[in-house]
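Participant: Before I ask anything, let me first share the structure, which is written out below as structure tokens.
The values are calculated or read from the model by the stated rules, or taken from the named source; none is laboratory data. Quantities reported herein were computed from a predicted structural model and do not represent experimental measurements. Every residue, glycine as well, gets a Cβ built from its backbone with ideal geometry; the counts of neighbours run over all protein chains shown.
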Amino acid sequence: MSILNLFDFIQKCLEQKPTAIQDFGVKLSDSINLLNNVCSTQRAILLSKHCDTQCPCCTRIFDVDHKIDARFAPGTGENLHRCQSGHQYRAFGKIKSSYKNLENGFFEASVIPCEHIKENMKIGIGIWSEYKRTHPDWDWDFITKPMLRPINEISDYRASVWNRIGKQWCGKYEMDFVIENTDMKLKHYIFLLDNSGSMKKTDRWTHLIQAIRTFTKIHNELKGDGVASFVLFGLSAKSPPGLLFKEIKLLNESDFNLLQNSTPEGGTNFQVAFQKVIEILKSINSNDKVSKRPQVIIFMTDGEAGYPQQELVTLSTTYRSVIKEFWTVACETSSLTELRKINQVMKGSFKDVQQADGLVQVYSELASNH
């Protein structure tokens, strides 16, 4: 029948409608039955293994058959737990990266599977090489032990699943949806240090420089590749010679002595401090060393000063997308109102250090947070 005879064509289509609906219903029913059979089969296989152990890192249930090697109990000897068809994105285990999107306040979903984690990458409170040793019942050999499918096929499948349902998953569990996690090791740290007279009259400054030393040591032990810029502020703000955009692994005793022996200023002015930060951020586009790095601002003070409204408006709008982390560290001060207000505007994390010797612990945590 020709479609040119429109009336007859439509009439014929209407006559075929019941048959088409019936055929579709049969095929849909067959598809559902097939899917149910597959699920039942997989469930039976899983139950037959008498073990439903989840990967401690990504929470995927293992899929190796422990009955094949009866010489060893599951999780021992050569009968270790293993995900031979590939691990899953850690985000599906509700695990988040330590990077927070300051625009929405959510931490990034961790979109790295266990196979792609590097030995010195931070997992939990330690690094991956140590983490694996604490879970000896799992087979972490992703190189010599073959997978059921080529690793590139597994990776493509994972990415496809994430692209289809990742946004909904992140919305449900309050995570920031990303395709790739921000590189933890490539941060540019802007150390905003209160160099007022009150810091130098006590031992606060000495403890602060010791905290910077400890930060550097931990950063280097974790094989970090960060860059640091130091801003000392009182009534004015400046960066000491050679301490702008310097690789943290290159910081040396001369740099620490330069900070330790810096001349203190009398009062405290938050406006000039944040003006200097804005000046640094303006210059990063022309600096290949830091232009593509996430910016981390660590604002440390022991004092009280006027609220830097205009500067914070600029930082929280113009530079919101590049500032990945903002930390406020208050040291031995009860004047917290303005500091908490600053931290709230910047959607940062707040540390209230009651005793100056606690600065070392705080900066140790910051160094480990990559």
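Participant: Taking the condition of being outside any helix (DSSP H, G or I) and either among the polar types (S, T, N, Q) or in contact with a helix residue (DSSP H, G or I) (Cβ under 7 Å, 6 or more places away or on another chain) (or both), how many residues in region 123-158 meet it? First the steps, then the outcome.
Facilitator: Residues of region 123-158 outside any helix (DSSP H, G or I): 123-127, 134-150.
Those still in the list that are either among the polar types (S, T, N, Q) or in contact with a helix residue (DSSP H, G or I) (Cβ under 7 Å, 6 or more places away or on another chain) (or both) too: 123-124, 134, 140, 142, 144, 147.
Going through region 123-158 one residue at a time, the tally reaches 7.
Participant: Mind telling me which of the residues Ser334, Ser254, Ser291, Ser321 ends up being over 22 Å from the mean Cα position of the chain (by Cα) and outside any helix (DSSP H, G or I)?
Facilitator: Numbers: Ser254 fails: outside any helix (DSSP H, G or I); Ser291 fails: over 22 Å from the mean Cα position of the chain (by Cα); Ser321 fails: over 22 Å from the mean Cα position of the chain (by Cα).
Unique residue meeting the criteria: Ser334.
Participant: Also, I was wondering about something else. Considering (1) free of Cβ contacts under 8 Å to residues at least 60 places away in the same chain; (2) of a type in the set (A, V, I, L, M, F, W, C); (3) within 13 Å of His87 (Cα to Cα), say which one Met147 fails and leave the rest.
Facilitator: (1) is the only condition that Met147 fails.
Participant: Being under 21 Å from the mean Cα position of the chain (by Cα) and assigned to a helix (DSSP H, G or I) narrows it down to one residue among Gln310, Gln275, Gln344, Gln271; which is it?
Facilitator: Working: Gln310 fails: under 21 Å from the mean Cα position of the chain (by Cα); Gln275 fails: under 21 Å from the mean Cα position of the chain (by Cα); Gln271 fails: under 21 Å from the mean Cα position of the chain (by Cα).
Just one listed residue meets the conditions, Gln344.
Participant: Turning to a different aspect of this structure: Considering Leu359, Leu366, which residue is part of a helix (DSSP H, G or I), modelled with pLDDT of 95 or more and buried (at least 17 other Cβ atoms within 10 Å of the Cβ)?
Facilitator: Going through Leu359, Leu366 in turn, the sole match is Leu359.
Participant: Scanning for something at pLDDT 80 or above, small (Gly, Ala, Ser) and outside any helix (DSSP H, G or I), does region 60-71 turn up at least one residue?
Facilitator: no
Participant: Which one of these is more than 18 Å from Thr216 (Cα to Cα), surrounded by 15 or more Cβ atoms within 10 Å (Cβ to Cβ) and modelled with pLDDT under 90: Lys324, Lys347, Lys351? Write out each step before concluding.
Facilitator: Values: Lys347 fails: modelled with pLDDT under 90; Lys351 fails: modelled with pLDDT under 90.
After applying the criteria, what remains is Lys324.
Participant: Could you tell me whether region 290-302 includes any residue that is surrounded by 14 or more Cβ atoms within 10 Å (Cβ to Cβ), touching a helix residue (DSSP H, G or I) at 6+ places or on another chain (Cβ under 6 Å), under 16 Å from Ile190 (Cα atoms) and modelled with pLDDT under 95?
Facilitator: There is at least one residue in region 290-302 that is surrounded by 14 or more Cβ atoms within 10 Å (Cβ to Cβ), touching a helix residue (DSSP H, G or I) at 6+ places or on another chain (Cβ under 6 Å), under 16 Å from Ile190 (Cα atoms) and modelled with pLDDT under 95.
Participant: Given the criteria over 20 Å from Asp63 (Cβ atoms), modelled with pLDDT of 90 or more, in the same structural domain as Cys83 (by TED's automatic domain parsing) and outside any strand (DSSP E or B), does Asn120 qualify? I'd like the intermediate steps shown before the answer.
Facilitator: Numbers: over 20 Å from Asp63 (Cβ atoms): yes; modelled with pLDDT of 90 or more: no; in the same structural domain as Cys83 (by TED's automatic domain parsing): yes; outside any strand (DSSP E or B): yes.
Spelling it out, it is not the case that Asn120 is over 20 Å from Asp63 (Cβ atoms), modelled with pLDDT of 90 or more, in the same structural domain as Cys83 (by TED's automatic domain parsing) and outside any strand (DSSP E or B).
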